[in-house]
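Just so it is clear, none of the values below were taken in a lab; they were calculated from the coordinates. Since this is a predicted model, take the numbers as computed values, not measurements. Cβ: placed from backbone, ideal geometry, glycine included. Neighbour counts: every protein chain shown.
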Amino acid sequence: MRNKKIVVIIPALNEENTLGFVIRDIKKIVKDAEIIVVNDGSRDNTVNVALEAGATKVISHKRNKGLGVAFKTGINNALKIGADIIVSIDADGQFNPEDIPRLIQPILDEKSDMVTCSRFLHKKYLPKMPLIKRFGNKLFTKLVNIITRRRYTDTQCGFRAYSRKAALSMTLFGEYTYTQEVFIDLISRGFRIIEVPCEVKGQRKGKSKLINNVFSYGVKALLIILRTMRDYQPLKFFGFIGLVVFLVGFTSSLVLSIRWLIIHQIYPYMFLVYINVILLFFGFLLIILAFLADMFDRQRKLQEEILFRLKKEEFNGANK
C-alpha cells in the first residue's frame with residue numbers, strides 16, 4: 001500500500017462468534033495491516049478469539065463504556081503505533097473486508113481525508129433492514145446533511161477509512177456512538193469526506209450490540225448531533241431557537257395589540273400578555289447568547305489547533 005502503514009480497529013462487545021472470521025478475512029485481504037481490537041467490557045471469549053485469530057493488539061475496557069469511547073480508544077492506539085491510514089470495521093461480520101482496499105484508495109490518491117462505506121448509494125447494494133431502522137437512518141442522514149450542507153446517503157455506517165491527519169484532528173465527545181459526530185466535526189474543519197458504495201456481507205451473523213433498542217439509539221444519537229451542532233455552529237443553534245421564541249412572542253403580542261385597537265379590550269387573554277413578555281425576553285437573550293457563542297467559537301478553533309499540534313507531537317513521539 002505504497003509504504004503506508006494501515007491499522008484496522010475493531011470495537012467489540014461480546015462478539016466471540018464472528019470476530020475471528022472478521023480478523024482472518026482482514027489478514028488475507030490486507031496482509032501488512034495491523035489489527036487492534038478494542039474489547040469494550042465483553043463477558044464472553046472475545047479477547048481469546050481475537051488473539052487466536054491473529055489480532056496485533058487487544059485493548060480491554062474493564063466495563064462497557066460505549067461504542068464512541070471504544071472508537072476513540074482504537075484511534076488513539078492506532079496513532080501511537082504510527083498508523084498512516086486507520087480503518088474502522090464492525091466485529092459482527094456484516095461488512096466485507098474485501099472492500100477495505102476500495103476505502104483506502106481515495107486516501108492514498110490524496111483525494112479524500114475520510115472515506116465511508118455507503119449502503120444506500122447504489123440500489124443494487126441496498127441491505128435488508130427493518131423499516132424503522134431504514135427510516136431512522138434516512139432521518140439522521142438528512143439531519144447531518146442539513147447541518148453540514150452536504151448530500152450524503154449513509155452517515156451511520158461504521159465501516160470507514162481515515163487519514164492520519166483527520167484522525168489526529170478529531171475531537172469527539174459522544175460515548176454511545178460517534179458516526180454522525182465525525183461527519184460534523186471533520187467537515188467543520190474543512191476535511192474532505194467521500195462515500196464508496198459497499199454491499200453488506202449477507203445477513204448480520206450476530207445481534208447488534210449497539211442498536212438493541214431503536215428508540216433509545218435514536219434519542220442518544222440525536223442528543224449527540226444537537227450537542228455537536230451547539231459546539232460547532234452556535235450562532236445557527238442558539239440564533240434559530242432565539243428567533244423562533246422571539247417571533248412567537250412578537251406575533252402573539254401583535255395579534256393582541258390589533259385586538260385591543262379594534263375592541264379596546266384584552267380580556268380574557270391577559271395571561272397571554274405575561275407569557276409574551278417572557279417569550280420576548282428569553283428570545284432576545286438567546287439571540288444575544290448566539291452572538292456571544294459565535295465569538296467564543298473562534299477561541300474554540302484556536303484551542304483545537306493547539307490540541308492538534310499537541311496530539312501530533314505526542315503520537316509522533318510515541319513512534320520514535
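Note on region 19-66 and region 215-252: Cα centroid distance 39 Å, given to the nearest whole angstrom. Considering only alpha-carbon pairs that sit under 8 angstrom and 6 or more positions apart, the relative contact order computed for the chain is 18 percent.
Going from the residue with the fewest nearby Cβ atoms within 10 Å to the one with the most, Thr141, Thr171 rank Thr171, Thr141. Taking a ≥ b ≥ c as the square roots of the eigenvalues of the alpha-carbon gyration tensor, region 1-42 is classed oblate because a/c is 1.5 or more while a/b is no larger than b/c. Scanning residues 5 or more positions from Ile10 or on other chains, those with amide H under 5 Å from its amide H are Ile36, Val37, Val38, with H placed 1.01 Å from N in the peptide plane. Calculated [222 nm] ellipticity per residue, helices only, for the chain: -18500 deg cm²/dmol; basis is -39500 (n - 2.57) per DSSP H run with n ≥ 4, divided by all residues, nearest 500. How big, in percent, is the set of alpha carbon pairs in region 60-214 lying more than 17 Å apart? Summing the P(r) tail past 17 Å for region 60-214 gives 63 percent.
Sites listed here are chymotrypsin sites (Phe, Trp or Tyr not before Pro) in region 148-187 whose DSSP assignment is loop and whose Cβ has at most 14 other Cβ atoms within 10 Å: Phe173. Size descriptors for the chain, from the alpha-carbon set: Rg then Dmax equal 23.8, 85 Å. Rounded to the nearest 0.05, the FRET efficiency derived from the C-beta distance between Arg150 and Phe271 at R0 = 45 Å is 0.50.
Between Ser118 and Val196, Cys198, the built amide H atoms are under 5 Å apart, and every one of these is 5 or more places off in sequence or on another chain.
Taking GluC sites (Glu not before Pro) as exposed when DSSP calls them loop and at most 16 other C-beta atoms lie within 10 angstrom, the chain has its longest site-free stretch at 200-320. Applying 0.36 nm per residue to the separation of Lys80 and Leu243 and subtracting their alpha-carbon distance, the gain on full extension is 54.1 nm.
Entry for region 32-115 at q = 0.13 Å⁻¹: log10 I(q)/I(0) = -0.46, Debye formula applied to identical alpha-carbon scatterers, no solvent contribution. With a/c under 1.5 counting as rounded, go ahead and sort region 128-191 into rounded, prolate or oblate using the C-alpha gyration tensor (a ≥ b ≥ c being the square roots of the eigenvalues; past the cut-off, prolate if a/b is larger than b/c, else oblate). Note, shape of region 128-191 comes out prolate.
Ordered by packing density, taken as the mean number of other Cβ atoms within 10 Å over each peptide's residues, highest first, how do 114-123, 261-270 rank?
Values: 114-123: 19.8, 261-270: 9.4.
Top of the packing list down: 114-123, 261-270.
Assuming a ≥ b ≥ c are the square roots of the Cα gyration tensor eigenvalues, decide whether region 234-318 counts as rounded (a/c under 1.5), prolate (otherwise, with a/b larger than b/c) or oblate. If you can, show how the numbers build up before the last one.
Details: a/c = 6.66, a/b = 5.64, b/c = 1.18.
Because a/c hits 1.5 or more and a/b exceeds b/c, region 234-318 counts as prolate.
Span-like helix check, the chain: qualifying full DSSP H segments, with Cα axial length of 24 Å or more and mean Kyte-Doolittle of 1.6 or more, are 234-263.
Can you compute the FRET efficiency between Ser257 and Phe135 using 1/(1 + (r/R0)^6), with r the Cβ-Cβ distance and R0 = 45 Å? Round to the nearest 0.05.
Working: r = 43 Å, r/R0 = 0.96.
E between Ser257 and Phe135, to the nearest 0.05, is 0.55.
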